[in-house]
1. If each residue of separation counts as 0.36 nm, what is the full-extension length gain between PHE23 and VAL127 once their alpha-carbon separation is subtracted?
2. Using Cα pairs under 8 angstrom and six or more residues apart, how large is the relative contact order of the chain, in percent?
3. To the nearest 20 Debye, how big is the dipole of the chain about its Cα centre, given +1 on the beta carbon of each Lys and Arg and -1 on that of each Asp and Glu?
4. Under a point spin-label approximation (7 Å from Cα along Cα-to-Cβ), what is the ASP65-MET222 distance to one decimal in nm?
5. Using the C-alpha gyration tensor of region 164-298, what are the square roots of 5 times its eigenvalues, in whole angstrom, with the largest one first?
6. Quick one, what does Rg over Rh come out to for the chain if you take C-alpha atoms and the Kirkwood Rh?
7. What's the magnitude of the charge dipole for region 164-298 around its Cα centre, counting Lys and Arg as +1 and Asp and Glu as -1 at the beta-carbon? Answer in Debye, nearest 20.
8. Identify, among PHE172, VAL200, SER142, the residue whose Cα sits farthest towards the positive end of the charge dipole of the chain, taking +1 on the Cβ of Lys and Arg and -1 on the Cβ of Asp and Glu, with the dipole about the Cα centre.
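No value in this document is a laboratory result; all are computed from the given coordinates. Note that the coordinates shown come from a computational prediction; the quantities given were computed from them, not determined experimentally. Using ideal geometry, Cβ is built from the backbone for each residue, glycine included, and neighbour counts are taken over all protein chains shown.
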Amino acid sequence: MAILKAFLESMRPRQWTKNVVLFAGVIFSQTVNEREFLLRAVAGCLVFCFASGAIYVLNDAADVDLDRQHPYKKDRPIASGRLTVRVARRLAGLLALACLACGVALGPSFAATAGLFLLLNIAYTNVTKRMVILDVVSIALSFVLRAVASVEVLRPAAPGIKLSNWLILCTFFLSLFLGFAKRRSELRKVKPIGTDTRPVLAVYTEGLLNSLIGITFTMTLMVYTLYTVWPGTVEHFGTTKLVYTLPFVFYGMGRYLYLVYHGEQGGRPHEILLNDLAIQVAVLGWVAVVFLLIDLRS
């Protein structure tokens, strides 16, 4: 039981909020009120929660020596010795295989997407996280695959469903924005105390990250704004008023940027989502307005 408890802790369940992207498909296909589609989205989300958990375990196993030098990562089960590297890798491998098996049950295209997600993150764990810029691009692509999976999990029940390029673009640039903000926080918090827990930080500079954060902030807002007024979007949803959701997006991103630069809280984006009331209000406000503007019963 102690080993299983340590393994579950290593899966970082608090970070599973990242997988709410798996509900994008049912929201934007206007099928959230249909039981079969909603259940498929829930099942897809669970598969990615456990798949990402397996990746976190493998990542901690690979970084065990570096994590022991980190101010808070040193207390993680593998770094602290509560879970051995060998056991962690075996359990993570079994969990990844189980996720793929569940993925096959949900449809071949969804299973393929889940497989690509695992391969991409294994490559990140072993190679790309040490490469400047490409490390954050890899993280962003993993979120893009989540967005793709949100549509692919519905495909067996709705073969004609289409994957929106706008969803891919918005997901990609928002993930880049969050990723570069996280690197800036790590650069300012970890590097000054003399610990070398993420080698790629030796290449990044604060000026470079400030520029990349500004660029990706702007691109995310621009892509989302264009999406809300695009003729195809207006035709699909039957409304020109999605643009009224823009203030919630701007405020949420602006609030996050404020916390990054003035609160030094950018190191854990998932914690901000769980703990910052202002961002929670922005997210709930966006969801509420979307539900009001789109006829989800159609």
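1. Details: separation 104, 0.36 × 104 = 37.44 nm, distance 3.00 nm.
Taking 0.36 nm per residue and subtracting the Cα distance, the gain is 34.4 nm.
2. Relative contact order of the chain: 19 percent.
3. The calculated dipole for the chain is roughly 600 debye.
4. Result: 4.3 nm between the two label points.
5. After scaling each eigenvalue by five and taking roots: 33, 16, 11 Å.
6. Numbers: Rg = 19.5 Å, Rh = 20.2 Å.
Ratio of gyration radius to Kirkwood radius for the chain: 0.97.
7. Working: 11 positive and 8 negative charges, 46 e Å.
It works out to roughly 220 debye.
8. VAL200
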